[in-house]
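Engineer: My questions will all concern the structure given below.
The values are calculated or read from the model by the stated rules, or taken from the named source; none is laboratory data. Computed from a predicted structure; not experimentally measured. Note that we place each Cβ from the backbone using ideal geometry, even for glycine, and neighbour counts take in every protein chain shown.
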């Protein structure tokens, strides 16, 4: 009986660790996208290699407010803000790998690197381990190096109310 109890206890204690170890980076990012799409508002700040800064407020129902593009391509600025890890990455043309964990301003974060097959797009994304929302990313694409900060999640001051 002791053997059965010890085995049951060992399995119960080891199962969460095994499940965590079996985590799939692509699935983790799909979960992050689903969570991101459910927020009411988020402010996204993009810092370009030139020193230019773009600010976008992403609001409910696909609305957005671009406060400033920093002189950069508005389409690129908007795409990065509204689709931090877009659906194209799930079709097998991008590789996703885990970068492990680190603390960002005291928040436990999981890191991921997303790379296109031709390496014309490389993104390093850090996601809050608890809320599954993006904290920051670094995007290299179209000749740009862009540092992105996500914040002010569900700030009601960003959402106009009647």
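Engineer: Considering every residue within the range 64-77, establish whether at least one is at pLDDT below 85, in a helix (DSSP H, G or I) and loosely packed, with under 14 Cβ neighbours inside 10 Å.
Structural biologist: No - not one qualifying residue is present in the range 64-77.
Engineer: I'm checking my understanding of the structure. Among residues of the range 106-139 that are touching a residue at least 12 places away in the same chain (Cβ under 8 Å) and in a loop (DSSP other than H, G, I, E, B), which one is farthest from residue 152 (Cα to Cα)?
Structural biologist: Let us first name the residues in the range 106-139 that are touching a residue at least 12 places away in the same chain (Cβ under 8 Å), namely 107-117, 120-139.
Keeping just the survivors that are in a loop (DSSP other than H, G, I, E, B) gives 117, 120, 129-133.
Details: 117: 33, 120: 30, 129: 17, 130: 16, 131: 13, 132: 15, 133: 11 Å.
Restricting to residues being touching a residue at least 12 places away in the same chain (Cβ under 8 Å) and in a loop (DSSP other than H, G, I, E, B), the top hit is 117.
Engineer: List every residue pair whose Cβ atoms lie under 9 Å apart, where the two residues are 6 or more positions apart in sequence or sit on different chains, the first residue falls within the range 71-85 and is in contact (Cβ under 8 Å) with a residue 60 or more places away in the chain and on the phi < 0 side of the Ramachandran plot, and the second residue, located anywhere, is surrounded by fewer than 14 Cβ atoms within 10 Å (Cβ to Cβ) and part of a loop (DSSP other than H, G, I, E, B).
Structural biologist: Filtered contacts from the range 71-85: 72/50; 73/142; 76/142.
Engineer: Considering only the range 20-54, state which residues are under 24 Å from residue 145 (Cβ atoms), surrounded by fewer than 17 Cβ atoms within 10 Å (Cβ to Cβ) and without any contact (Cβ under 8 Å) to a residue 40 or more places away in the chain.
Structural biologist: 50, 51, 52, 53
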